[in-house]
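The values are calculated or read from the model by the stated rules, or taken from the named source; none is laboratory data. None of the values given here were measured: they were computed from a predicted structure. In this analysis, Cβ positions are derived from the backbone assuming ideal geometry, glycine residues included, and neighbour counts consider all displayed protein chains. Areas reflect the complete protein model, heavy atoms only, side chains present, ligands, DNA and RNA absent. Shrake-Rupley method; radii C 1.70, N 1.55, O 1.52, S 1.80 Å.
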Amino acid sequence: MALAVMLLDGAPFHGGCCRQKALLSLLGPLISNSRLYSSYRRPGAEPKKKLSWQNADFSFKKSIDHLKTQLSLLKKETKDYLRGPGGYQLSQQVMEQTRVLWQFRSQEDLNEWVISSDMEIGGKSKAYIKLGRNNQAALLYGTLNTEVPRDGETKYSGYCSMRSKPAVGSFNRKKYYDWSNFNTLYLRVRGDGRPWMVNIYTDPYFSHQKDDLYSYFMFTRGGPYWEEIKIPFSKFFFSSRGRVQDNQHPVWLDKVRTLGFTIGDKVDGPFQLEIDFIGLLNDRAHREEFAYETYDKNTPV
């Protein structure tokens, strides 16, 4: 496939556009029938006018600039690795009690998060995010609508979510958050009294585990006052594709990919949640390792 794209892109340099059209007529059916491109389209969605490879920009200058950027990121990662685990000195790593992961003070801080709702499946819920008063918090607000889309497939609807973007290293390598030195998620929020679900996504070893996540509830009390919420990681339960699994195990804190918040309490109407910061806490008084029963699926006889 990559060879076909190179041939199509390089054709104008060896004889004009006629050869490119000839190559496209020969390789077009092969590309269009390739398994790399899905032919499924939701009802009502507009068909794609161009293939994904036709939107690619093969600019040499942009390639050099991209290479310089990735090399600078690699240099920074090397310095952080030599400094200590996670870019912190070992003494600081051992003595550290709290750590702020996300603090919302500018538009750049908001750009690290992605907002989604059931509009992706044809629903009518809406979610937005903006900076709060005096640029001191993130304000997540919108309207929840549980009306099920009439597509003949969807059975449930009515959710909105906010999720952090996965960390990416140099040359588009996966990066993970290592929270193994902490045992509690620490937040300062101000809600409207509606319950939320806090979701932790870890890196799966196999492709069929991509929908696995660890969740726990966050109850806001409403009113004009801020509240500090502490959720031990031992309370997070394991689920997959929206179903709580029988086989429970603790969160893999050294392989965390993203953190998210979801509202889906089946109550139509407006909602809002202000988040000052999201951090970690090492609570010395918390001794619980895991709050749920663990057992073998196949109990030996």
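Any idea what the relative contact order of the range 104-258 is, in percent, if you count C-alpha pairs under 8 Å spaced at least 6 apart?
Details: 293 pairs, mean separation 31.1, N = 155.
So the answer I get is 20 percent.
Tally up the carbon and sulfur contribution to the accessible surface of the range 196-276 as a whole percent, 1.4 Å probe, everything protein left in place. Intermediate results must be reported in sequence, preceding the final value.
Numbers: 2190 of 4210 Å².
The value for the range 196-276 is 52 percent carbon and sulfur by accessible area.
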(request) Working with all protein chains in place, sort Tyr214, Tyr186, Tyr159 by solvent-accessible area computed with a 1.4 Å probe, largest first. (result) Tyr159, Tyr186, Tyr214
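Please report the orientation-averaged projected area of the range 95-220, defined via the convex hull of its C-alpha atoms, in nm².
10.7
Would you rank His286, His208 by solvent-accessible area, highest first, keeping every protein chain in place and using a 1.4 Å probe?
Values: His286 45, His208 130 Å².
Of His286, His208, the descending order of accessible area is His208, His286.
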(request) Work out the FRET efficiency for Ile115 and Tyr176 from their Cβ-Cβ distance, taking R0 = 25 Å, and round it to the nearest 0.05. (result) 0.60
(message) Once ligands and nucleic acids are excluded and a 1.4 Å probe is used, how much of His249 is accessible, expressed in Å² to the nearest 10?
(response) 50
(request) Mind listing the long-range amide H neighbours of Gly169? Cut-off is under 5 Å, sequence gap 5 or more, other chains count too, H placed in the peptide plane at 1.01 Å from N. (result) Lys174, Lys175
(request) Would you check the accessible area of Trp226, probe 1.4 Å, heavy atoms only, in square angstrom rounded to 10? (result) 70
(message) Taking a virtual spin label 7 Å from the Cα of Asp283 along the C-beta vector, which residues in the range 200-227 bring their backbone nitrogen under 20 Å of it?
(response) 200-201, 214-222, 226-227
(message) From the gyration tensor of the Cα coordinates in the range 178-237, what semi-axes in whole Å does the equivalent ellipsoid have, largest first, with each one equal to sqrt(5λ)?
(response) 27, 14, 8
(message) Keeping all protein chains in the complex and leaving out DNA, RNA and ligands, what accessible area do you get for Arg83 with a 1.4 Å probe, in Å² to the nearest 10?
(response) 120
(request) Take the range 133-204, compute every pairwise Cα distance, and split them into 5 Å bins from 0; I just need the percent in each bin. (result) 3, 8, 14, 17, 16, 16, 13, 9, 3, 0
(message) Report the Cα-based extents of the range 166-273 along its three principal axes, largest first, to the nearest Å.
(response) 43, 29, 27
